[in-house]
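The structure appears right after this line, and notes come after that.
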Amino acid sequence: MSTLLEVSGVSVTFDGFRAINNLSFQIGEAELRSVIGPNGAGKTTFMDIITGKTRPDEGRVIWGEKSVSLLDMTEAKIAQAGIGRKFQKPTVFEDQSVRDNLLMALKKNRGWVGVLLYRPSTSDLQKVEDLATEIGLYQELSRKSGELSHGQKQWLEIGMLLAQDPRLLLVDEPAAGMTPQEREHTTDLLVQAAKTRAVVVVEHDMEFVRRLNCKVTVLHEGSVLAEGSLDHVTSNQDVIDVYLGR
Amino acid sequence: MERSFVAKNPSVLVFLTILSLFALGVTVLSEGFGIGVISTSFVKTLGKTLCLCLIAVAMDLVWGFTGILSLGHFAFFGLGGYMIGMWLMYERTRLIVVESLSQADIPPTPAEVVDAIGTQIFGVVGSSEFPLIWAFSHSLTLQLILVVVVPGLLALIFGWLAFRSRVTGVYLSILTQAMTLALALYLFQNDSGLRGNNGLSGLQNLPGVTVSQDVVSLWFLWASALALGLGYMLAAWIVSGKFGSVLRGIRDNEARVRFLGYSVEAYKLAVFTLTACIAAIAGALYYPQAGIINPEEMAPIASIYLAVWVAIGGRGRLYGAVIGAAFVSLLSTWFTGGQAPDIPLGFYTIKWVDWWQVLLGVSFVLVTLFAPQGIGGLFDLYTNQRHPDRHGANLGPDEGALREKEASL
């Protein structure tokens with residue numbers, strides 16, 4: 001399996017606090033991965049580095065077949081290269097309809113002139129409707145997304161990510177605040193998405209991680225503590241000490 | 001599925017109809033072409049108001065839709081006025097000079113004519129030389145191009161510097177204020193080349209036009225109405241499509257837009273520059289009706305008024321901006337023009353000329369606190385539009401984000 005993203009030897013310090021310490025991480029195409037770790041382990045900073053929000057002090061972040069470095073690219077360029085990100089709190093554009101949210105995310109020319117002249121074609125609208133069906137929001141297409149329930153907003157955001165058609169999906173605590181049924185639907189969506197692209201899920205909830213049934217990376221104090229199947233890492237003594245033991 | 005632009009934006013048609021009826025009504029009632037109920041000076045006031053409505057539309061685009069609280073758009077408005085003023089003043093002075101020199105025994109050389117014009121225009125600041133920035137003032141075409149190019153270029157450079165450094169929110173507002181203040185202070189200097197605090201005057205007299213101001217005032221009213229109509233349509237078209245979606249996204253949650261792959265800085269720069277050009281066109285139509293322009297017009301307070309108009313009218317809806325600008329500026333004319341009756345309290349008499357600004361300030365505070373949708377929100381009452389109940393939460397994390405009460409479902 002070829003490597004899609006390779007993070008090697010990355011460190012970042014905030015005001016003397018080492019948030020990420022010599023972290024290395026790899027993920028292949030069409031792979032599902034969970035990243036777990038206690039609060040402050042650096043999970044969100046890790047995502048910030050990949051998506052260009054935070055610049056690391058040292059290390060390399062290499063992307064794709066052409067092995068381009070993501071460190072010199074802006075957030076927008078990184079997103080265009082094919083990395084999508086879902087935030088912990090559902091962040092959709094609440095003042096706009098579900099349809100407009102999805103249309104904005106749809107993989108298209110992102111330049112302002114192109115966007116100014118853009119008018120959705122029938123096939124674009126069809127794609128949006130298909131996506132809405134997939135995330136269970138077909139009935140809500142014309143509603144303002146601010147009206148949706150918490151779980152629906154989470155799905156809309158996942159739908160927007162799918163519309164972007166990224167090669168790597170970074171998902172931050174997707175199941176937070178969801179009902180059991182909603183969690184199940186979310187698991188299905190992520191597993192389905194991982195068939196065609198790489199998906200990294202940051203999660204606290206062990207039950208949710210177990211259901212994803214994938215390789216797990218445990219972060220602690222900014223570096224990788226253990227990696228392997230969930231059963232493998234949960235039997236690791238270090239992991240038990242720092243995370244599960246508490 | 002895909003409906004036409006007008007069908008999706010019924011307010012545009014309503015707006016254009018009202019605007020045309022207004023222009024027609026004023027024409028019929030005017031002294032120039034009609035029955036003379038409305039005085040020429042009031043026609044000019046109405047024409048100027050239309051220009052203020054146009055810059056309010058620009059402000060709504062940049063603030064109401066994109067969340068950039070620019071407190072410097074009157075700098076572009078003023079620059080547009082200066083650009084057209086330079087030609088008006090040059091050409092009119094030239095005609096006078098040529099007329100007076102033709103009485104002389106020897107016909108004047110072109111150089112003598114230019115010198116005489118220079119003495120006429122710059123005598124007031126103790127100079128007779130044409131500064132470099134007047135190089136194109138002899139040509140109407142070139143100055144008309146400069147009306148858009150000079151403010152556009154200033155906005156482009158300023159915006160590029162500010163946005164690429166990711167200056168946002170209150171800091172950007174302060175920066176735009178500093179820009180307009182710096183420009184005003186520079187132009188106040190006599191050697192800035194634009195006659196210092198005297199400014200440019202006599203702009204109401206169109207060179208070579210012999211008809212009376214009764215007629216000229218109507219020409220400008222029509223031109224202003226046309227510009228407002230076109231500007232409104234352009235703005236409505238811009239915000240109706242995906243570009244508008246991106247702008248609203250930037251207003252409510254800039255970081256999210258960035259992670260969708262849109263270059264937020266490029267969009268902000270495009271909107272900032274475009275609105276600067278619209279403001280400049282509004283200014284170029286305004287000052288020939290006002291007759292005089294001086295650097296005082298670019299003082300920061302003017303741009304703050306602009307934000308007040310849009311806030312009172314209701315930001316994030318184009319007709320709100322127009323209503324706010326028209327309502328507040330006409331009311332301001334009424335109060336400060338001494339027409340409003342004084343209120344005797346026995347121990348003190350409220351003179352509106354002094355107290356109008358207090359009234360405006362208080363109503364601004366009251367509107368933002370209790371009716372954030374402004375006057376435009378009244379239309380929602382009429383159409384029974386509901387508002388989201390988000391328990392007081394804004395629609396996004398950014399400072400410019402729409403507040404709960406401003407949004408409609």
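Of everything in the stretch A:169-195 that is in contact with an Asp or Glu (Cβ under 9 Å, 6 or more places away or on another chain) and under 20 Å from A:T51 (Cα atoms), the residue that is farthest from the other protein chains (Cβ to nearest Cβ) is A:A194.
Could you please find all residues in the stretch A:120-129 being in a loop (DSSP other than H, G, I, E, B) and at the interface with another protein chain (Cβ under 8 Å from one of its Cβ atoms)? Lay out the reasoning, then the answer.
Let us first name the residues in the stretch A:120-129 that are in a loop (DSSP other than H, G, I, E, B), namely A:120-121.
Scanning the stretch A:120-129 gives a single hit, A:P120.
On the stretch given as the stretch A:130-150, residues that are buried (at least 16 other Cβ atoms within 10 Å of the Cβ) and within 13 Å of another protein chain (Cβ to nearest Cβ) total 7. Across the stretch B:149-180, the qualifying residues are those that are surrounded by fewer than 18 Cβ atoms within 10 Å (Cβ to Cβ) and of a type in the set (V, I, T), and the one among them that is nearest to B:I281 (Cα to Cα) is B:V149.
Taken over the stretch B:23-40, the criterion of being under 10 Å from B:S217 (Cβ atoms), out of contact with any Ser or Thr (no Cβ under 8 Å at 6 or more places or on another chain) and either in a loop (DSSP other than H, G, I, E, B) or charged (D, E, K, R) (or both) is satisfied by B:S39 alone. Each residue in the stretch A:48-67 was checked for being out of contact with any Pro (no Cβ under 9 Å at 6 or more places or on another chain), modelled with pLDDT of 90 or more and within 19 Å of A:T3 (Cα to Cα), and 7 pass.
Identify, from the list B:V365, B:V310, the residue that is within 14 Å of the chain's Cα centre (by Cα) and either surrounded by 15 or more Cβ atoms within 10 Å (Cβ to Cβ) or part of a helix (DSSP H, G or I) (or both).
Numbers: B:V365 fails: within 14 Å of the chain's Cα centre (by Cα).
After applying the criteria, what remains is B:V310.
Taking the stretch A:196-246 as the range and being modelled with pLDDT of 90 or more and among the basic types (K, R) as the test, the residues that pass are A:R197, A:K215. Confirm whether B:T66 is in contact with a helix residue (DSSP H, G or I) (Cβ under 9 Å, 6 or more places away or on another chain) and more than 30 Å from A:L141 (Cβ to Cβ). For B:T66, the condition - in contact with a helix residue (DSSP H, G or I) (Cβ under 9 Å, 6 or more places away or on another chain) and more than 30 Å from A:L141 (Cβ to Cβ) - is not met. Do we have any residue at all in the stretch B:96-103 that's at pLDDT below 95, surrounded by fewer than 18 Cβ atoms within 10 Å (Cβ to Cβ) and not in a helix (DSSP H, G or I)? Yes; the residues of the stretch B:96-103 include at least one that is at pLDDT below 95, surrounded by fewer than 18 Cβ atoms within 10 Å (Cβ to Cβ) and not in a helix (DSSP H, G or I). The residues of the stretch B:20-40 that are among the hydroxyl-bearing types (S, T, Y) and in contact (Cβ under 8 Å) with a residue 40 or more places away in the chain, listed by number, are B:S20, B:T27, B:S30, B:T40.
Among the residues of the stretch B:316-334, is any within 14 Å of another protein chain (Cβ to nearest Cβ) and either surrounded by 12 or more Cβ atoms within 10 Å (Cβ to Cβ) or under 29 Å from the mean Cα position of the chain (by Cα) (or both)? If you could, list the steps in order and put the result at the bottom.
Keep residues of the stretch B:316-334 that are within 14 Å of another protein chain (Cβ to nearest Cβ), which gives B:316-317.
Restricting the remaining residues to those that are either surrounded by 12 or more Cβ atoms within 10 Å (Cβ to Cβ) or under 29 Å from the mean Cα position of the chain (by Cα) (or both) gives B:316-317.
Yes, the stretch B:316-334 has at least one match.
Among the residues of the stretch A:193-221, write down those that are out of contact with any Gly (no Cβ under 8 Å at 6 or more places or on another chain) and small (G, A, S).
Of the stretch A:193-221, the ones out of contact with any Gly (no Cβ under 8 Å at 6 or more places or on another chain) are A:193-197, A:199-214, A:217.
Those that are out of contact with any Gly (no Cβ under 8 Å at 6 or more places or on another chain) and small (G, A, S): A:A193, A:A194.
Would you confirm whether or not the stretch B:129-143 contains a residue that is under 25 Å from B:L230 (Cα atoms), surrounded by 14 or more Cβ atoms within 10 Å (Cβ to Cβ) and among the aromatic types (F, W, Y)?
Restricting attention to the stretch B:129-143, the residues satisfying the condition of being under 25 Å from B:L230 (Cα atoms) are B:140-143.
From what is left, the residues that are surrounded by 14 or more Cβ atoms within 10 Å (Cβ to Cβ) are B:140, B:142-143.
Still in the list and also among the aromatic types (F, W, Y): none.
Checked against the condition, which is being under 25 Å from B:L230 (Cα atoms), surrounded by 14 or more Cβ atoms within 10 Å (Cβ to Cβ) and among the aromatic types (F, W, Y), the stretch B:129-143 yields no hits at all.
Listed here are the helices (runs of 4 or more DSSP H) enclosed by the stretch A:165-246 that have at least 2 residues being surrounded by fewer than 19 Cβ atoms within 10 Å (Cβ to Cβ), on the phi < 0 side of the Ramachandran plot and of a type in the set (K, R): A:206-212. Taking the stretch B:193-211 as the range and being among the small types (G, A, S) and in a helix (DSSP H, G or I) as the test, only B:G196 passes.
The values are calculated or read from the model by the stated rules, or taken from the named source; none is laboratory data. Here the structure is a predicted model, which means the values were calculated and not measured. Positions of Cβ are backbone-derived with ideal geometry, glycine not excepted, and every protein chain shown enters the neighbour counts.
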